Amino acid sequence: MGYPTEASGSLIEKKPTVVFVLGGPGSGKGTQCANIVKHFGYTHFSAGDLLRAEIKSGSENGTMIQNMIKEGKIVPSEVTIRLLQKAILQSGNDKFLIDGFPRNEENRAAFEVIMLIEPAFVLYFECSEGEMERRLLGRNQGREDDNIETIRKRFMVFLESSIPVIEYYESKGKVRKINAGKPIEEVFEAVRTIFTAQDDKIAA
């Protein structure tokens, strides 16, 4: 699963505020993350974007990631977490949204072991399968993976892998659920309330 390193110690000293952002395909979390960045000054990291950037950099690590993806293998949690760790340490900010991570219980456990920190809370965008289907099928850009069967499969995979993570953090009182089926403005009002309370807590 990996182990803490010197970077983990630096991370503890930095005392970052980390918020995990989870939500199924079409839950609108990308739009809401952009709003949080704009209004509350968080830095937004997507695990997928960090992996793609590492591949593009042509580094030895990037080549290894690319080969694993080509072979249909799952990139180990430790690889993704090290990229997140590096990005957090290199950032001048101390407040972070980590989008689409942890994807499963193994990700979650590895994050806490390697990083030696826990999230302040988990922002969970809850949206019904019907609403997600409607949104994804209505997308103008018409992504090739946005057909009804693929959408249902992606939704099921999300639920199966993410629900144990959400249940774990719920047991710790760390989940903030948002009804993502409402209009964007209403969803952001609910998000704003949560982040205003978090800012007050940090200030205190």
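The values are calculated or read from the model by the stated rules, or taken from the named source; none is laboratory data. These figures come from a predicted structure and were not determined experimentally. So basically every Cβ, Gly included, is an ideal-geometry build from the backbone, and we count neighbours across all protein chains shown. Ligands, DNA and RNA are excluded from the accessible area calculation, which covers all protein heavy atoms including side chains. Shrake-Rupley method; radii C 1.70, N 1.55, O 1.52, S 1.80 Å.
Here is a yes/no grid of residues against (1) touching a strand residue (DSSP E or B) at 6+ places or on another chain (Cβ under 8 Å); (2) modelled with pLDDT of 90 or more:
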position: GLY2; (1), (2): no, no
position: GLU13; (1), (2): no, no
position: VAL19; (1), (2): yes, yes
position: SER59; (1), (2): no, yes
position: LYS73; (1), (2): no, no
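When we screen ALA197, ALA190 for residues that are outside any loop (DSSP other than H, G, I, E, B) and more than 20 Å from the chain's Cα centre (by Cα), the only hit is ALA197. For the structure I just gave you, tell me whether ARG192 is over 17 Å from ILE36 (Cα atoms), in contact with a helix residue (DSSP H, G or I) (Cβ under 9 Å, 6 or more places away or on another chain), open to solvent by 50 Å² or more (accessible area, probe 1.4 Å) and not hydrophobic (A, V, I, L, M, F, W, C). For ARG192, the condition - over 17 Å from ILE36 (Cα atoms), in contact with a helix residue (DSSP H, G or I) (Cβ under 9 Å, 6 or more places away or on another chain), open to solvent by 50 Å² or more (accessible area, probe 1.4 Å) and not hydrophobic (A, V, I, L, M, F, W, C) - is not met. Only one of the listed residues (GLU54, GLU78) is touching a Leu at 6+ places or on another chain (Cβ under 7 Å) and part of a helix (DSSP H, G or I). That residue is GLU54. Answer yes if at least one residue in the range 168-182 is open to solvent by 40 Å² or more (accessible area, probe 1.4 Å), of a type in the set (Asp, Glu), part of a helix (DSSP H, G or I) and closer than 25 Å to ILE202 by Cα, and no otherwise. Checking the range 168-182: at least one residue is open to solvent by 40 Å² or more (accessible area, probe 1.4 Å), of a type in the set (Asp, Glu), part of a helix (DSSP H, G or I) and closer than 25 Å to ILE202 by Cα.
Within the range 102-129, how many residues are farther than 15 Å from LYS172 by Cβ and out of contact with any Lys or Arg (no Cβ under 9 Å at 6 or more places or on another chain)?
Within the range 102-129, the subset farther than 15 Å from LYS172 by Cβ is 103-104, 106-107, 110, 113-116, 125-129.
Applying the additional criterion that residues be out of contact with any Lys or Arg (no Cβ under 9 Å at 6 or more places or on another chain) yields 103-104, 106-107, 110, 113, 115-116, 128.
Qualifying residue count for the region: 9.
Within the range 89-133, the set of residues being in contact (Cβ under 8 Å) with a residue 12 or more places away in the chain, exposed (fewer than 15 other Cβ atoms within 10 Å of the Cβ) and small (Gly, Ala, Ser) comprises SER91, SER128.
Test ILE74 against the stated conditions and say whether it is under 21 Å from VAL113 (Cβ atoms) and crowded, with 16+ Cβ neighbours inside 10 Å. Lay out the reasoning, then the answer.
Numbers: under 21 Å from VAL113 (Cβ atoms): yes; crowded, with 16+ Cβ neighbours inside 10 Å: no.
When the stated conditions are applied, ILE74 does not pass them.
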